[in-house]
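First the structure, in the form of structure tokens, and then the observations on it.
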Amino acid sequence: MRRIVALAGVAALSLSLTACGGDDNTSGTTEEGEGTSAAQPWEGDASEVSVTTWWEAGSEKLGLEALVEVFNEQNPDTEFVNAALAGGGGSQAKQKLAADLAAQNPPDTFQAHAGAELTDYIDAAQIVDISGLYDELKLRDAFPDSLIDRLTVDGAIYSVPSNIHRANVVWANPTVIEEAGLDPAQVPADMDAWIADMEKIQAAGKTPLTLGMAWTQTQLLETVLIADLGPDAYNGLFDGSTAWDSAEVTTALGHFEKLLTFTDSSLYSEDWEPAMQLVVDGKAAYNVMGDWAIASFDSQDKEAGTDYVYFPVPGTDGVFDFLADSFTLPEGAPHPGGTKAWLSTISSKEGQIAFNKVKGSIPARSDLSDDEKAEFSEYQQNAMESFGQDIIVSSIAHGAALPVKMSNAINDAVAKFVEGGSSLEDFQAELVDATSGLGQ
Ligand code: BGC
């Protein structure tokens with residue numbers, strides 16, 4: 001019951017953020033005019049497809065390569081053109097995209113997070129409604145209703161998801177934890193208990209927590225907000241029903257401030273992989289990161305349970321901090337037939353299985369057989385189960401909860417605070433400013 005309430009809240013949120021009124025038509029049926037003779041926007045030149053992602057290096061590149069292999073098998077006549085841009089979380093890709101889209105120079109398709117992140121592109125009419133393609137490819141039956149709801153904006157759908165990631169995961173080095181006299185199997189119950197453990201790890205001479213550049217800082221903050229506010233009040237941060245200047249947010253910011261004392265500031269300019277590497281190498285105990293991290297451990301032949309352990313951020317057990325990578329059809333894409341080929345592959349069972357096995361995420365499709373599910377790692381099988389039963393909330397750092405402009409403003413405020421440029425009080429005021437206009 002609680003989960004249903006949470007989902008309804010988020011569906012309502014995505015609608016209110018588009019600033020278009022309209023009914024909450026998220027039933028999974030289309031109102032588009034199928035059967036019309038006009039050419040669909042995804043028909044046309046299929047000789048190539050240029051794909052912008054931020055899966056440019058490391059384990060993420062391996063995931064993209066697995067997907068491209070299936071793409072090439074399924075579409076031998078369409079050339080895949082890799083337009084990947086470095087920078088985890090899309091830290092550089094999103095800026096370049098905004099400039100290219102504004103200059104009417106779009107790629108054939110680009111990676112964007114399902115949810116509110118698409119709002120700015122939709123409002124600027126830079127991406128096309130592809131709900132008719134959902135019917136053509138029978139995607140409404142393939143994806144769970146909860147996901148279709150998150151993708152539907154005023155009856156239209158603007159992207160196809162390739163995967164679902166979970167953001168509220170702690171990745172930990174059991175040896176470092178043990179050396180501090182703690183039991184790695186004993187997961188701290190809440191933020192205070194976790195902080196107490198970190199004090200012991202610090203006293204034992206190891207870095208308790210690693211933290212990288214701005215978006216990784218926002219991701220840590222969002223998980224602290226979920227832990228301290230609980231999922232319902234956290235969801236309320238995005239529709240105006242929970243005030244960003246409330247006392248409960250102040251408490252979470254206080255915990256965040258305390259967590260920073262356990263980090264090494266020399267990593268604040270690093271991307272997520274170098275920050276995670278200290279945990280991999282046994283130099284630090286914890287890192288909070290999405291489950292793309294498991295691909296990094298895998299690619300270094302590390303064993304879950306012995307080389308590393310993982311658990312939900314303390315205080316967020318039973319909550320799935322959701323984000324999904326998805327792909328769009330930009331207005332004026334030079335090779336729309338190529339885009340259709342790409343969207344077909346990334347949504348196909350073969351594409352989703354090959355990609356997600358390497359990427360660490362779970363397929364967005366919910367129609368995998370037990371045998372197909374068994375091909376995934378134990379972590380991923382657990383994540384599939386959690387996604388089906390946990391309370392789902394939307395990630396701020398990864399575009400599910402807020403439009404790009406607000407997420408960027410939050411990132412700026414967080415980075416300033418982390419670098420010591422603002423007091424906690426000023427930080428909270430900046431978060432209020434960054435999100436002003438919500439719920440209106
Ligand atoms: C994307 C993931 C990616 C991560 C780190 C997230 O925004 O959704 O696919 O692995 O950033 O780059």
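Quickly run through region 323-346 and pick out the residues that are away from the ligand (no atom under 16 Å from the Cβ) and within 20 Å of the chain's Cα centre (by Cα).
Matches in region 323-346: Leu329, Leu343.
So if I check each of Asp321, Asp370, which one is out of contact with any Phe, Trp or Tyr (no Cβ under 6 Å at 6 or more places or on another chain) and within 30 Å of Asn75 (Cα to Cα)?
From the options Asp321, Asp370, the qualifying one is Asp370.
Identify, please: which residue in region 229-249 is polar (S, T, N, Q) and surrounded by 15 or more Cβ atoms within 10 Å (Cβ to Cβ) and is, among those, nearest to the ligand (Cβ to nearest atom)?
Of region 229-249, the ones polar (S, T, N, Q) are 235, 241-242, 246.
Of the ones still in play, those that are also surrounded by 15 or more Cβ atoms within 10 Å (Cβ to Cβ) are 235, 242, 246.
Working: Asn235: 20, Thr242: 24, Ser246: 28 Å.
That would be Asn235.
Within region 44-66, which residues are touching a Gly at 6+ places or on another chain (Cβ under 6 Å) and either of a type in the set (Lys, Arg) or farther than 23 Å from Gln277 by Cα (or both)?
Gly44, Asp45, Ala46, Glu48, Val49
Please go through (1) closer than 19 Å to Ser377 by Cβ; (2) surrounded by 23 or more Cβ atoms within 10 Å (Cβ to Cβ) for Asp321 and return the number of the only condition it doesn't satisfy.
Of everything listed in (1) closer than 19 Å to Ser377 by Cβ; (2) surrounded by 23 or more Cβ atoms within 10 Å (Cβ to Cβ), Asp321 misses just condition (1).
Look through Glu60, Glu117, Glu69 and report the one residue that is assigned to a helix (DSSP H, G or I), among the charged types (D, E, K, R), in contact (Cβ under 8 Å) with a residue 12 or more places away in the chain and in contact with a Pro (Cβ under 9 Å, 6 or more places away or on another chain).
Glu117
Residue check: is Trp55 at pLDDT 95 or above and more than 22 Å from Gly337 (Cα to Cα)? Steps first, answer last, please.
Numbers: at pLDDT 95 or above: yes; more than 22 Å from Gly337 (Cα to Cα): yes.
Yes: the conditions hold for Trp55.
Against the condition away from the ligand (no atom under 11 Å from the Cβ), at positive phi and of a type outside the set (Lys, Arg), how does Asp154 come out, does it pass?
Yes; evaluated as a whole, the condition is true for this residue.
For region 388-408, give me the residue count where each residue is of a type in the set (Ser, Thr, Tyr) and either more than 16 Å from the ligand (Cβ to nearest atom) or part of a helix (DSSP H, G or I) (or both).
Residues of region 388-408 that are of a type in the set (Ser, Thr, Tyr), as a first pass: 394-395, 407.
With the extra rule that they be either more than 16 Å from the ligand (Cβ to nearest atom) or part of a helix (DSSP H, G or I) (or both), the set shrinks to 407.
Of the residues in region 388-408, 1 are of a type in the set (Ser, Thr, Tyr) and either more than 16 Å from the ligand (Cβ to nearest atom) or part of a helix (DSSP H, G or I) (or both).
Kindly indicate the residue of region 409-428 that is polar (S, T, N, Q) and either outside any helix (DSSP H, G or I) or within 16 Å of the ligand (Cβ to nearest atom) (or both) and also nearest to Asp321 (Cα to Cα) among those meeting that condition.
Going through the qualifying residues, I end up with Asn411.
Quick check, is Asp291 assigned to a loop (DSSP other than H, G, I, E, B) and farther than 25 Å from Gly181 by Cβ? Reasoning before the result, please.
Details: assigned to a loop (DSSP other than H, G, I, E, B): yes; farther than 25 Å from Gly181 by Cβ: yes.
Considered against the rule, which asks whether it is assigned to a loop (DSSP other than H, G, I, E, B) and farther than 25 Å from Gly181 by Cβ, Asp291 comes out as yes.
Consider Thr339 carefully, then state whether it is of a type in the set (Ser, Thr, Tyr), crowded, with 18+ Cβ neighbours inside 10 Å and either in contact with a His (Cβ under 9 Å, 6 or more places away or on another chain) or part of a helix (DSSP H, G or I) (or both).
yes
Could we say that Asn72 is under 23 Å from the mean Cα position of the chain (by Cα), away from the ligand (no atom under 15 Å from the Cβ) and either at pLDDT 95 or above or of a type in the set (Ser, Thr, Tyr) (or both) here?
no
Looking at Ile195, Ile164, which is the one that is β-branched (Val, Ile, Thr) and either free of Cβ contacts under 8 Å to residues at least 60 places away in the same chain or in contact with a Phe, Trp or Tyr (Cβ under 7 Å, 6 or more places away or on another chain) (or both)?
Among Ile195, Ile164, only Ile164 is β-branched (Val, Ile, Thr) and either free of Cβ contacts under 8 Å to residues at least 60 places away in the same chain or in contact with a Phe, Trp or Tyr (Cβ under 7 Å, 6 or more places away or on another chain) (or both).
Only one of (1) over 20 Å from the mean Cα position of the chain (by Cα); (2) at negative phi fails for Asp149. Which number is that?
Result: Asp149 fails condition (1) only.
Val249 - would you say it is out of contact with any Asp or Glu (no Cβ under 9 Å at 6 or more places or on another chain), under 30 Å from Trp54 (Cβ atoms) and not in a loop (DSSP other than H, G, I, E, B)?
Spelling it out, it is not the case that Val249 is out of contact with any Asp or Glu (no Cβ under 9 Å at 6 or more places or on another chain), under 30 Å from Trp54 (Cβ atoms) and not in a loop (DSSP other than H, G, I, E, B).
Taking the condition of being surrounded by 18 or more Cβ atoms within 10 Å (Cβ to Cβ) and over 14 Å from Val313 (Cβ atoms), how many residues in region 250-259 meet it?
Start the filter on region 250-259 by keeping residues that are surrounded by 18 or more Cβ atoms within 10 Å (Cβ to Cβ), which leaves 252-253, 255-256, 259.
Narrowing the set further to residues that are over 14 Å from Val313 (Cβ atoms) leaves 253.
Number of matching residues: 1.
If I ask for residues that are within 11 Å of the ligand (Cβ to nearest atom), in contact with a strand residue (DSSP E or B) (Cβ under 7 Å, 6 or more places away or on another chain) and assigned to a loop (DSSP other than H, G, I, E, B), which ones from region 86-114 would you list?
Answer for region 86-114, where residues must be within 11 Å of the ligand (Cβ to nearest atom), in contact with a strand residue (DSSP E or B) (Cβ under 7 Å, 6 or more places away or on another chain) and assigned to a loop (DSSP other than H, G, I, E, B): just Ala114.
If you take the residues in region 188-228 that are among the hydroxyl-bearing types (Ser, Thr, Tyr) and within 16 Å of the ligand (Cβ to nearest atom), which one is surrounded by the most Cβ atoms within 10 Å (Cβ to Cβ)?
The extreme case among them is Thr223.
In region 347-363, how many residues are within 12 Å of the ligand (Cβ to nearest atom), part of a loop (DSSP other than H, G, I, E, B) and not polar (S, T, N, Q)?
Number satisfying all stated conditions: 1.
Let me spell it out: the conditions are (1) within 16 Å of the ligand (Cβ to nearest atom); (2) more than 20 Å from Glu56 (Cβ to Cβ), and Ser162 meets all of them except one. Which number is the exception?
The number of the failed condition is (2).
Mind checking which residues of region 278-308 are within 25 Å of Ala227 (Cα to Cα), of a type outside the set (Phe, Trp, Tyr) and under 21 Å from the mean Cα position of the chain (by Cα)?
Residues satisfying the conditions are Asn287, Val288, Met289, Gly290, Asp291, Ala293, Ile294.
Mind listing just one residue for me: the one in region 264-288 that is among the small types (Gly, Ala, Ser) and not in a loop (DSSP other than H, G, I, E, B) and, of those, surrounded by the fewest Cβ atoms within 10 Å (Cβ to Cβ)? Break it down into steps so the answer makes sense when it comes.
So the first thing to find is which residues in region 264-288 are among the small types (Gly, Ala, Ser), and the list is 265-266, 269, 275, 282, 284-285.
Still in the list and also not in a loop (DSSP other than H, G, I, E, B): 265-266, 275, 284-285.
On the way: Ser265: 11, Ser266: 7, Ala275: 24, Ala284: 26, Ala285: 31.
The extreme case among them is Ser266.
The values are calculated or read from the model by the stated rules, or taken from the named source; none is laboratory data. Keep in mind that this is a model prediction, so the values were computed, not measured. Don't worry about glycine lacking a Cβ; one is built from the backbone with ideal geometry, like all the others, and counts go over all protein chains shown.
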